[in-house]
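Read through the structure below, which is laid out as structure tokens, and then see the notes.
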Amino acid sequence: MIGSYIKTSARSLMRNKLFSCINIAGLAISMSTGLLLIAFLLELRSYDRFNKNGERIYRITSVAAFKGEQGGKYASASVKTGRLIRQKVSGIKQVAILGNDFSKDASVDGKTLPVKGYWAEPSLLSIFTFPMLEGNPETALRDPYSVVLTQTASKKLFGEVSALGKAVKLDSLDYQVTGVIKDIPFFSHINFEALVSLSTAEQIGKNDKSFQAWTNIFSSSVYVLLPENTEIASSRASIQSQLDAIAKQENLVDQNTKIQLELLPLYDIVVGPELRSGSMSGAVGPHVPTALLWVLGGLALVVILSACFNYTNLSLARAMRRFKEVGLRKAIGAQKSQIWQQFLIEALMISLTALVVSYFIFLLLRPELIKMAPQLQRTVKLDLTPSMAIVFVVFSICVGVIAGLMPAVFFSRISAIHALGNVSMLKGFKHLTIRQILIVIQYTVTLIFITTTAVGYVQYKNILALDLGFNTENILNINMQGNKPGALMKELGEMPEVTAVSRSLIVTSVGNAWGGHMKYKDSQDSALVLTNHVDENYLPLHGYKLIAGGNFLTRPASAEASSEVIVNQKVLKRFGIHVNEPEKAIGEQITFSSFRMKERKMTIVGVMKDFHYGKADNLIEPVAFMFWTPQDGAVLNAKIKSTDMLATRNKIESLWKKIDRVHPFKAEFYDEAIENAYSEFSMMIKIIGFLSFLAISIASMGLFGMVVFTTETRLKEIGIRKVMGASSGSLIYLLSRGFLLLLSISAIIALPATYLLFEKLVLKNFPYHTPVQIAELSAGLLAVLLLAFCMIGSQTLKAARRNPVEVLKSD
């Protein structure tokens, strides 16, 4: 019976080549997006699955609230948190603290290579499945100045010789290699070349009180392993209550910061709740918000449904031709189930054929998707695996069932009498047929895609062009990577293309953040103030506007000697310091403290006009500039005037290689850094734009098939009207007005929906956005109408130009 269905379906598909090609092409194009999403999701869900204890591993999340400021959830926890859990929490088998600020230059026999890794406790190698090739995992990270290398890092430093027991110099300190482990799998959220014993960090920072501080949640992560044969739900509840008790007790010490602790399952780290990340958060590993996957999944589903609508539309449009086939089969005894099985198998054959085509499209799109953002290249590979292939086939069958379900049910319910009689079409709601309803839905979705792309692109360009309150044009930011900046500054000063050079701790307005708590006079009211450490050349080089006071008056040689601060207007408003008369704020004293800086008095020497320290989705906040000292990390800011920026950059890179032969040159023009800061937004626009192209292609193919079918079924009517004197223009209007009416209905629904989507939802996250304009909304509509009119007009004109004698000669 199934063989008979397959033969019958194959004959039907071959008889209707145009409709079959449209359906296969539409499903293949839409299914390729589904394949990309499936591959993307399967790889994300494969993260950390290599760990034998994966289901029992949890990371501690810190939920921090700062007095008077907005808090948040952080993917990190303090060292003290890890030690308190080890001491006080029952029901936990092991605890591991991972310090995430280890990045050193490793030297062996005159060969120096940069090495990245973490400070770690021995228990880390017991919690996670990192097989050790040499050494004892229980003791390898126990003693100070011990280092464990990965297999690749060991070969880079020692070649094929065993590294175990060998000495390696890390930033002038001697370490002993106590273990070599297998290279970390690609799909691990923790990735490193070396692990250094946490006891080393304790010795190096023994005078740093912040190392043991409860509130120092930004430089380490804490992992816990639950015992075997544990009832997870009840165990988590018990552990959570003990974590709450610890937090309650520790929060009594600091009134300005309150921290709560939560358990996050290992498998929810990469795909799970969005946590704070950045230069201060200590987040480890890649992360994709669950909401993003839902959005991408929803968009892909919409495109797939659009292709399914095509199939349904064209199947129902051919209903008049299939009625007699169904009627004859029912007249000779075919059951209802046999009819719908026949049509469902036909849909499955088309879907499986489309799967083959879509896989080749998938291979073409895969590298382009990965190139969209640097983060994607470090997160996924999208390689085909046996399990992925099985999921692809199941997905294809599901699409075939969805596409063929309505036509199958529709045809199976037609009685033999009606099928062999004069049946016209199935009625839907009021005066619209089901086919017309599906066309409206399909084009509504297509228009939303297109207008969303147009509006999103305009908003993206407006964000990049946002007046930040300072100048970024032709400024090259050079990361010194631990090198002293003096030598390079001297070299840059001698280049005619470099007009000015300054030093800063970080690059602002691209998502980086630094800061501490500020108080005014003896008030207990403190607030989090964002900071940057800059030298005397920084403000004039970037064109910051001083509305009171001036630049730094002194040049302190150490952070402890720094006593001057330049603040923005928001600082004055936050503390009520001569808000309307900023000149009087000069000379006022504030108290500042941070994790790296003890509380001290500082004098306001300048007031800047407010500017965007953060990205465009952040409100302008209180900001203070302090003087850069040699203790700070350095970013050189070079102002360039050149007719060939690329050649100048290469010239600066050659200077860098004279100073540092180990580290690669890391430099980025300010405008490029800002553009990269919004790479996620840009990627979303590209994806939606790509889906828009697919949606309009699928909808256009469906509309083309409908127009061809309509004109073929009305050839005699067209011939008679032409004999009666109808012009080609009137015939085009007659046959296209129905389709254009449906497109108009789609536009009436889609344009307000897109406007509300942006104004009430998307752009609420961007306080400095520009209003959505009518021109942005209309551009997509005009493009769709023009395309639709060209297709309808070309086919109608083709039919109208046919000789009426040829059409009517048989009547």
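What follows is calculated from the coordinates using simple rules that are stated; it is not laboratory data. Quantities reported herein were computed from a predicted structural model and do not represent experimental measurements. We place every Cβ from the backbone using ideal geometry, glycine too, and count neighbours over all the protein chains shown.
Tabulated results
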item	result
Chain lengthening between Thr112 and Lys798 when straightened (0.36 nm per residue, less Cα-Cα)	239.5 nm
Degrees between helix 679-713 axis and first principal axis of the chain (Cα, 0 to 90, nearest 10)	0
Pairs beyond 19 Å (Cα-Cα), from Lys461/Lys615; Lys716/Lys798; Lys73/Lys598	Lys73/Lys598
Förster radius 51 Å - calculated FRET efficiency between Lys598 and Asn229 (Cβ-Cβ, nearest 0.05)	0.55
Mean residue ellipticity (222 nm) of the chain, computed from DSSP H runs ≥ 4 via -39,500 (n - 2.57), nearest 500	-15500 deg cm²/dmol
Extension gain, Ser679 back to Phe693 (0.36 nm per residue minus Cα-Cα distance, nm)	3.0 nm
C-alpha long axis of helix 17-45 to longest principal axis of the chain, angle in °	20
Region 446-519: GluC sites (Glu not before Pro) in DSSP coil with no more than 13 other Cβ atoms inside 10 Å	Glu473, Glu494
Spacing of the two label points (7 Å from each Cα toward its C-beta) at Val409 and Asp522, in nm	7.9
12 Å Cα-Cα reach of Lys570 towards aspartates and glutamates, excluding residues that sit fewer than 8 places from it in its own chain	Asp610, Glu621
Convex hull volume per residue in cubic angstrom - Cα atoms of region 728-808	87
Coil-residue trypsin sites (Lys or Arg not before Pro) of region 64-139, DSSP, other Cβ within 10 Å capped at 15	Lys93
Relative contact order, percent, region 54-285 [alpha-carbon distance under 8 Å, six or more residues apart]	36
Cross-link reach list, lysines versus Lys80, counting only Cα pairs under 17 Å and skipping chain neighbours closer than eight places	Lys88, Lys206, Lys209, Lys248, Lys258
For region 434-533, fraction of C-alpha pairs farther apart than 20 Å, in %	68
Stretch gain in nm, segment Leu352-Lys156, where the contour uses 0.36 nm per residue and the Cα spacing is subtracted	65.7 nm
Spin-label pair Glu653/Ser563, simplified geometry with 7 Å Cα→Cβ offset, distance in nm	4.6
Debye-sum result for region 152-210 in log10 I(q)/I(0), which assumes one identical scatterer on each alpha carbon, at q = 0.30 Å⁻¹	-1.31
Over region 498-640, relative contact order from alpha-carbon pairs under 8 Å, at least 6 apart, %	39
The chain - percent relative contact order, Cα under 8 Å, separation 6 or more	15
Reciprocal mean inverse distance between Cα atoms of region 498-640 - Kirkwood radius, Å	15.2
Distance violations [Cα-Cα > 26 Å] among Lys371/Lys484; Lys609/Lys651; Lys116/Lys666; Lys104/Lys166; Lys519/Lys609; Lys490/Lys651	Lys371/Lys484; Lys609/Lys651
DSSP-loop trypsin sites (Lys or Arg not before Pro) across region 596-657, with at most 15 other Cβ within 10 angstrom	Arg596, Lys609, Lys641
Label zone at Tyr768, where the point sits 7 Å out along the Cα-to-Cβ direction: region 540-555 residues whose backbone N lies under 14 Å	544-545
By average C-beta atoms within 10 angstrom, highest first, the peptides 295-307, 357-369	295-307, 357-369
